[in-house]
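What follows is calculated from the coordinates using simple rules that are stated; it is not laboratory data. All values derive from a computational prediction rather than experimental measurement. Here Cβ is always computed from backbone atoms with ideal geometry, including for glycine, and neighbour counts include all displayed protein chains.
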Amino acid sequence: MRNIVLLVSFSLGLIVVLSGPVSAKPEFLRHLRSAYGLGEETKCTTCHDVKGSEKPKKTNLGAFGKEYQTALQKFGKNNLDQVVREIDGKDSDGDGATNGEELRLGTKPGDASSTPTKEALEKLRKQMAPKK
């Protein structure tokens, strides 16, 4: 009987440990996809600088991922729309295009070598400008 209790306790502990972080991360990716109309090609590498066979984790967050995490800590995971508003106008990689512009145009907001073309950026900015 004692062995069964130990086995059940160990199994439940393992489930809690393994399911906790895994279930939260896709939630943020789904929200980014939804907020910006992104497809399945948008992966964890939007926020993480993953090298080789490394898995996405807090220690390999890129510039955009760190901005997202800071906003998430500020507003909480129940306020993801506010998180998006917070990071949208920032330029995490310093390439001259905001995070929101880069996400809408299919470039990576945390990678300065992934920048929208000048033409695409101008067109988007005209489309997003307030109507007079």
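Looking across region 84-132, the residues that are touching a residue at least 40 places away in the same chain (Cβ under 8 Å), closer than 21 Å to Asn60 by Cα and either over 18 Å from the mean Cα position of the chain (by Cα) or not in a loop (DSSP other than H, G, I, E, B) (or both) come down to Val84, Leu103.
With respect to Ser53, determine if the residue is more than 13 Å from Pro109 (Cβ to Cβ) and either in a helix (DSSP H, G or I) or in contact with a strand residue (DSSP E or B) (Cβ under 9 Å, 6 or more places away or on another chain) (or both). Answer is no for this residue.
Quickly run through region 63-75 and pick out the residues that are under 14 Å from the mean Cα position of the chain (by Cα), without any contact (Cβ under 8 Å) to a residue 24 or more places away in the chain and surrounded by fewer than 19 Cβ atoms within 10 Å (Cβ to Cβ). Result: Gln69, Thr70, Gln73. Inside region 106-120, residues that are surrounded by fewer than 18 Cβ atoms within 10 Å (Cβ to Cβ) and closer than 17 Å to Glu40 by Cα make up a count of 1.
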